[in-house]
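Notes follow once the structure below has been shown.
The values are calculated or read from the model by the stated rules, or taken from the named source; none is laboratory data. Bear in mind that the values here come from a model prediction, so they are computed numbers and not experimental data. Neighbour counts are summed over all protein chains in view; Cβ atoms, including those assigned to glycine, are modelled from backbone coordinates with ideal geometry.
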Amino acid sequence: MFKLKYLICIALLSLFAVSGGCVTGGREGLIRSGHADLSTGNYELADKKGRKILRNWENNHQAMLLRAKSAYGQGDVSKAVEILTQLDNLCRKDFCQNETAHIKAMILLANLTDDEELIKESQDHIDELKRNLSLQQYSAMIDFYIEQGRPKFAAATFDKLMISCDDKLTSEQKMKGFVLYYSTYQLEKAERLYSDLAPLQKAQLRKQFGDIQF
């Protein structure tokens, strides 16, 4: 009996695999297998996997990009442009869910539309997304060096963070930068940040460092 059930199960799995009717797996697995489908020209199955993800996460950039590439692969350029435009609009009115996928989407959209103004606008947007990715990377490296007990490396990376964001730091970043610079005796840099801190932040720092002198 067990052997019979096993054979039936194998037969059903084989049937679904051939017909393309079975779309299973987690989100990341669906994305990976969807791109594999694109590479083999199985655009309809790739689109099906993208739609499955979007049923539970309507603004998933990777799934939307997967659907756009699928539409383009099937020759439906207008559908691909529609999906990519929707992705861009969602990011403009809300927090970007996946900046890397957004960059890829904007590059593809610019190529598909062959619109000079859109290409220029897309390039500006791509540059901004790249800048944001760099800021995230610097922030991650700063936290890593702090956890490793390497304040000089953290302070050096904070220099790069300041340059990348044109000195437009959040109050939390200014606080962290001051602590790094003051702890590594870069007093001129620390003083510049200290002057921009809120009174409550300065009070917190005095509790930590005592009388702050430059």
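If a residue has to be closer than 16 Å to H125 by Cβ and crowded, with 24+ Cβ neighbours inside 10 Å to count, how many in segment 69-93 make the cut? Residues that pass the stated criteria total 2. Only one of the numbered conditions (1) buried (at least 18 other Cβ atoms within 10 Å of the Cβ); (2) more than 21 Å from the chain's Cα centre (by Cα) is not met by E147, and that is (1). Across segment 186-210, the qualifying residues are those that are touching a helix residue (DSSP H, G or I) at 6+ places or on another chain (Cβ under 9 Å) and of a type in the set (K, R), and the one among them that is surrounded by the most Cβ atoms within 10 Å (Cβ to Cβ) is K189. Flag: M64 matches the condition of being under 18 Å from the mean Cα position of the chain (by Cα), at pLDDT 90 or above and within 25 Å of R131 (Cα to Cα). Regarding segment 136-143, can at least one residue be identified that is at negative phi, surrounded by fewer than 17 Cβ atoms within 10 Å (Cβ to Cβ) and hydroxyl-bearing (S, T, Y)? Yes, segment 136-143 contains at least one residue that is at negative phi, surrounded by fewer than 17 Cβ atoms within 10 Å (Cβ to Cβ) and hydroxyl-bearing (S, T, Y).
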